[in-house]
Amino acid sequence: MNKTFGLVASVALVLSAPAVKAQAVTDAGKVQAGHYAVEPGHTQVGFSVLHFGFTRYQGTFSGVSGTLDLNDKTPSASALSVTIPVASVQTTSAKLTDELKSPQWFDATQYANATFVSKQVRRVGHNDAVVTGDLTLHGVTKPETLKVHFVGAGVNPLDKKYTVGFEVTGTIKRSDFGVKMYVPYVSDEVQLHIAGAFEKQD
């Protein structure tokens, strides 16, 4: 009887609680300019490769840190710098995850971080931009270009912090960075799909 009453009471509380909704701005022209820091809990760096021509196999990196100086009036004056801990790599195979950290692949012990530092931000649409910068991976630095789409911004209803989010895509060749294991059976081209969340600091 007590357990049943407790369950009913819990359900009633959930149903009667006010809905928590984020008031998101989806117009990039209305985003607050300023200095932002990566919100690591909701930032994911996804990658995928073509595995033996059969499947598009995916993995992720987490624990990202970095900053974004956002200039809404002059997007070209914006600047991005991020650091990705290589040892955070995850796949659906524990064996493969460990292998990717080894010297045969990313060599996470010797090259602990991958970094991207923007050099140019060019607006190509109201909510879209192309960001060119230097990607450092596996001890090698190469210029790369990313496509950035603004998703939304507003005050996070849970932590009350002003947050801005982007969807980022791009393609790199892993052999350019000395990661050549199983090429071409596992594709040289790596597709990037990144969910980036940033919290305003000032």
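The values are calculated or read from the model by the stated rules, or taken from the named source; none is laboratory data. Since this is a predicted model, take the numbers as computed values, not measurements. Because the Cβ atoms are built from the backbone with ideal geometry, glycine has one as well, and the counts that use them run over all protein chains shown. Heavy atoms of the whole protein, side chains included, go into the accessibility calculation; ligands, DNA and RNA do not. Shrake-Rupley method; radii C 1.70, N 1.55, O 1.52, S 1.80 Å.
Filtering THR115, THR91, THR109 for residues that are open to solvent by less than 30 Å² (accessible area, probe 1.4 Å) and either at pLDDT 95 or above or at positive phi (or both) leaves a single hit, THR91. When the test is whether a residue is open to solvent by 30 Å² or more (accessible area, probe 1.4 Å), more than 16 Å from GLU144 (Cα to Cα) and either assigned to a strand (DSSP E or B) or among the charged types (D, E, K, R) (or both), PHE198 does not pass it. In the set GLY133, GLY125, only one residue is of a type outside the set (S, T, N, Q), within 19 Å of the chain's Cα centre (by Cα) and within 26 Å of HIS42 (Cα to Cα); that residue is GLY133.
Among the residues of region 180-202, those that are among the aliphatic types (A, V, I, L, M) and closer than 15 Å to LEU50 by Cα comprise MET181, VAL183, VAL186, VAL190, LEU192.
Within region 173-192, none of the residues are surrounded by 14 or more Cβ atoms within 10 Å (Cβ to Cβ), under 21 Å from HIS35 (Cβ atoms) and either free of Cβ contacts under 8 Å to residues at least 40 places away in the same chain or out of contact with any Cys (no Cβ under 8 Å at 6 or more places or on another chain) (or both).
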